[in-house]
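Notes for the one structure printed next.
The values are calculated or read from the model by the stated rules, or taken from the named source; none is laboratory data. Bear in mind the structure is a predicted one, so any value in this text is a computation, not a measurement. Here the Cβ positions follow ideal geometry from the backbone for every residue, glycine too, while neighbour counts run over all protein chains shown.
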Amino acid sequence: MTARRWGLIGFGEAGRVIGGALAAADGVDLAVHDRVLADPGRGPSLADEVRAAGATPVDDVGGLAGCDVVLSLVTPATAVAAAESFAPHARPGQLYVDLNSTTPAAKHAVAAALTGTRVVDGVMTGGGIQLDGARIPISLAGPDAAEAARLLAGAGLRTVVVGDAVGGAAALKMLRSVVVKGMECLWVEALLAARELDVVEPLMAIVEETLDRWPTRDFAAMLVTTHVGHAGRRQVEARMVRETVSGAGVEPLMSDALVARQERTARGLAAAGRAAGDVPASLDEALAVLRGLPEGPPAG
């Protein structure tokens, strides 16, 4: 399949970036639908912006029925509604690539709304819409993800297939956010407390030295394996961390979670009879240990 006719639902911030990259690709005829186009007050100016990007504005989503590939880039809250709105116009075999940042359950709902259409779960990661469209990493999942990846790459976009089931790419995006947005909130809490305690620069330096010492994969494996080996004593340290943050006048939201995770692991290890200091040899082994732990009685 060679896709010439492309459709895009949504011309917000992300839609403009991806739409602009598609419209600039050789051999791509891009039609864009956005519900604002039907607004008498705002529609004309948005239509002008769509044309300026090299695409054709379409007032009715049904105007995308003839497209080979339809991309959805709406707000996460309206992703399922967008699919349901397009469903009466979708053709059997048509590719529908949902690029919205939603949960796996929402991606499944999109697929359920578009029976007969080849739905591909997609997400944008690693720098987001601050990059130009051709450089934004797009992860794809689903039975037809490989074909969608080929077509998107042929239009100049950067793609990778991460799974063969719809929901896999969404899961990847959400779990990446556990790490990245978790670090964001950890830094917020730590630096707010550091500011009150007048140790911002020393804190930055000591964490920088630690992070620069490890490749990311090795660092993750080290943290998880030693978590299994040392959660018993680290739960005590975690309580002192929480006390320090709270003592600085900062609500210890992330530190509370730190204590809860360390205590839960420590209880489980004790209930399982695992010896303190027994560090698993690999990340896989550590995850298997953690997955099999009983919770144990709550800490008194």
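Here residue 159 clears all of (1) of a type in the set (S, T, N, Q); (2) under 30 Å from residue 69 (Cα atoms); (3) more than 27 Å from the chain's Cα centre (by Cα) except the condition numbered (3). When segment 59-72 is limited to residues that are touching an Asp or Glu at 6+ places or on another chain (Cβ under 9 Å) and hydrophobic (A, V, I, L, M, F, W, C), the one that is surrounded by the fewest Cβ atoms within 10 Å (Cβ to Cβ) turns out to be 67. Going through (1) part of a helix (DSSP H, G or I); (2) modelled with pLDDT of 95 or more; (3) surrounded by 12 or more Cβ atoms within 10 Å (Cβ to Cβ); (4) not basic (Lys, Arg) one by one, residue 250 falls short only on (1).
Condition check ((1) in a loop (DSSP other than H, G, I, E, B); (2) farther than 20 Å from residue 80 by Cβ; (3) of a type in the set (Ser, Thr, Tyr); (4) in contact with a helix residue (DSSP H, G or I) (Cβ under 7 Å, 6 or more places away or on another chain)) across all residues:
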site: 8; (1), (2), (3), (4): no, no, no, yes
site: 14; (1), (2), (3), (4): no, no, no, yes
site: 17; (1), (2), (3), (4): no, yes, no, yes
site: 22; (1), (2), (3), (4): no, yes, no, no
site: 27; (1), (2), (3), (4): yes, yes, no, no
site: 31; (1), (2), (3), (4): no, yes, no, yes
site: 37; (1), (2), (3), (4): no, yes, no, yes
site: 41; (1), (2), (3), (4): yes, yes, no, no
site: 44; (1), (2), (3), (4): no, yes, no, no
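Taking the numbered list (1) touching an Asp or Glu at 6+ places or on another chain (Cβ under 8 Å); (2) buried (at least 16 other Cβ atoms within 10 Å of the Cβ) in turn, residue 286 passes all entries but (1). Condition (residue is of a type in the set (D, E, K, R), crowded, with 18+ Cβ neighbours inside 10 Å and either at pLDDT below 95 or farther than 30 Å from residue 273 by Cα (or both)) applied to segment 191-210: is it met by at least one residue? Looking through segment 191-210, none of the residues is of a type in the set (D, E, K, R), crowded, with 18+ Cβ neighbours inside 10 Å and either at pLDDT below 95 or farther than 30 Å from residue 273 by Cα (or both). Going through (1) at pLDDT 95 or above; (2) not in a loop (DSSP other than H, G, I, E, B) one by one, residue 74 falls short only on (2). I'd like the full set of residues that are outside any helix (DSSP H, G or I) and charged (D, E, K, R), limited to segment 156-208. Matches in segment 156-208: 158, 164, 198. Taken over segment 18-55, the residue count meeting the criterion of being under 24 Å from residue 159 (Cβ atoms) and exposed (fewer than 15 other Cβ atoms within 10 Å of the Cβ) is 2.
What residue, of 216, 244, 226, is modelled with pLDDT of 95 or more, surrounded by fewer than 13 Cβ atoms within 10 Å (Cβ to Cβ) and within 18 Å of residue 186 (Cβ to Cβ)?
Answer to the selection: 216.
Within the set 153, 148, the sole residue that is assigned to a helix (DSSP H, G or I), in contact with a strand residue (DSSP E or B) (Cβ under 7 Å, 6 or more places away or on another chain), without any contact (Cβ under 8 Å) to a residue 40 or more places away in the chain and assigned by TED's automatic domain parsing to the domain that holds residue 71 turns out to be 153. Based on this model, can you work out whether residue 16 counts as closer than 27 Å to residue 161 by Cβ and basic (Lys, Arg)? For residue 16, the condition - closer than 27 Å to residue 161 by Cβ and basic (Lys, Arg) - is met.
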